[in-house]
Amino acid sequence: MCRSIKTLRPPATPEVTDEDIRAAALQYVRKVSGFRAPAAHNREVFDQAVDAVAAATQELLDGLQIRGSAARQHSHP
């Protein structure tokens, strides 16, 4: 149903974009919900879950300390 979610932390993925994070969040929510595309009556809660998972993923990546790599700097609103 859904492809594997790739590792987003350095050095596995040196450049992580907002699109990478959103794609991973979408894959996670699809897998957990069992819906590739939710029905209209579930769209709002599905989209909110994707947003929440993306935000949690960004927080995680921002907080990780990776040995041997420079501190990561993000400029997210």
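Out of ARG36, ARG9, ARG43, report the one residue that is at pLDDT 95 or above, out of contact with any strand residue (DSSP E or B) (no Cβ under 8 Å at 6 or more places or on another chain) and either open to solvent by 50 Å² or more (accessible area, probe 1.4 Å) or in a helix (DSSP H, G or I) (or both).
Details: ARG36 fails: at pLDDT 95 or above; ARG9 fails: at pLDDT 95 or above.
Residue meeting the stated conditions: ARG43.
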Among the numbered conditions (1) polar (S, T, N, Q); (2) outside any loop (DSSP other than H, G, I, E, B); (3) open to solvent by 90 Å² or more (accessible area, probe 1.4 Å), tell me where GLN27 comes up short. (3)
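The values are calculated or read from the model by the stated rules, or taken from the named source; none is laboratory data. Because the structure is a prediction, the values reported are computed rather than measured. Quick reminder, even Gly has a Cβ in these numbers, built from the backbone with ideal geometry, and neighbours come from all protein chains shown. Heads up: the accessible areas ignore ligands, DNA and RNA and are worked out on the full protein's heavy atoms, side chains in. Shrake-Rupley method; radii C 1.70, N 1.55, O 1.52, S 1.80 Å.
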